[in-house]
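Heads up: the structure comes next, in structure tokens.
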Amino acid sequence: MRPSNRATDEMRSISVETNFTKHAEGSCLIKCGETHVLCTASVEERVPPFMRNTGLGWVTAEYGMLPRATGSRNRREATAGKQSGRTQEIQRLIGRSLRAGIDRVALGERQITIDCDVLQADGGTRCASITGGWIALRLAVNGLLKAGLIKTDPIIGHVAAISCGIYAGQPVLDLDYAEDSEAGTDANFVMTDTGGIIEIQGSAEGATFSRDEFNSLMDLAEKGAAELVIAQKAATT
């Protein structure tokens, strides 16, 4: 029995509120159960120095957690004077995941920065950031198309991410913190709406896991990603 009483293949509730902030070209507040992440997309008519004169656009990401996003207060990283290794790893994951779903030639020499700020954490914050980050990106690109700044839609397809794991000996979908902290295996799957795999992060926290167990996690991830794509479409159409 899962702590939340969900079925093994049951997602947490998903809700998305778009245009959550006034100034960003694209924004949304995504809620995956008790994990809440504010995602904003900012468009700049320039690219990093290493991308200049290439004809290619760039999508990058930054990630952070509010001090009381978790059960006890965490010190702000700005106060510490540097980002943690975890933060750097997550924002790189978000950036490369979203870049995999965009035609950088069609985007042109401009940069879109996706900021993902975790307001409340209950497991799966990086997955919620990728899924909500895509929505913010989609809304920002819609604005570029409407303004005539780009002629061709650079977004190739949907990008969504979901966690799966082995909890109490069973493969389960969409781990919350209670499950994540006790899971024998924990994995994150980043996928496209056509079933393409962008990235898989998986590790055994206790015992090793088998190929059959991995296949079960993959099946769950496909189901979860498809549900997230439905939520993305509902939020952006």
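Any read-out appearing in this document is the output of simple, stated calculations on the displayed coordinates, not a laboratory observation. Given the structure is predicted, the values throughout are model-derived calculations rather than measurements. Note that we place each Cβ from the backbone using ideal geometry, even for glycine, and neighbour counts take in every protein chain shown.
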Considering every pair of different Cα atoms, what Kirkwood radius, in Å, is found for the chain? 18.2 Å
For the chain, what is the calculated [θ] at 222 nm in deg cm²/dmol (nearest 500), taking -39500 (n - 2.57) for each run of four or more DSSP H residues and dividing by its residue count? -10000 deg cm²/dmol
What helices in the chain pass both tests, a Cα length along the helix axis of 30 Å or more and a mean Kyte hydropathy of 0.5 or higher, using whole DSSP H runs? 125-146
What lysines could a cross-link reach from LYS146, if we take a straight Cα to Cα line under 29 Å and drop same-chain neighbours fewer than 8 places away? LYS22, LYS31, LYS233
Distant-in-sequence amide H partners of ILE155 (H built 1.01 Å from N, under 5 Å): ASP103
Can you run phi through the Karplus equation (6.51, -1.76, 1.60; θ = phi - 60°) for the range 174-190 and list ³J(HN,Hα) in whole Hz, with x for Gly and Pro? 6, 6, 8, 5, 4, 7, 4, 6, 10, 5, x, 9, 10, 9, 10, 10, 10
Please give the length that would be gained between LEU119 and GLU222 if that part of the chain were fully extended, namely 0.36 nm times their separation in residues minus their C-alpha to C-alpha distance (nm, one decimal). 34.4 nm
With contacts defined as alpha carbon pairs under 8 Å and 6 or more residues apart, what's the relative contact order of the range 115-231 in percent? 24 percent
So for the chain: antiparallel DSSP bridges make up what percent, rounded to the nearest 5? 85 percent
Can you tell me how much longer the chain between ALA7 and ILE150 gets when fully stretched, taken as 0.36 nm per residue apart minus their C-alpha distance, in nm with one decimal? 47.0 nm
Is there a quick way to get the dipole size of the chain? I mean about its Cα centre, with the Cβ of Lys and Arg at +1 and of Asp and Glu at -1; what is the value in debye to the nearest 20? 940 debye
Taking the alpha-carbon centre of each part, the distance from the range 217-235 to the range 136-213 in Å is 9 Å
Karplus couplings for the range 30-35 from phi (6.51 cos²θ - 1.76 cosθ + 1.60, θ = phi - 60°), rounded to Hz, Gly and Pro as x? 9, 10, 10, x, 8, 8
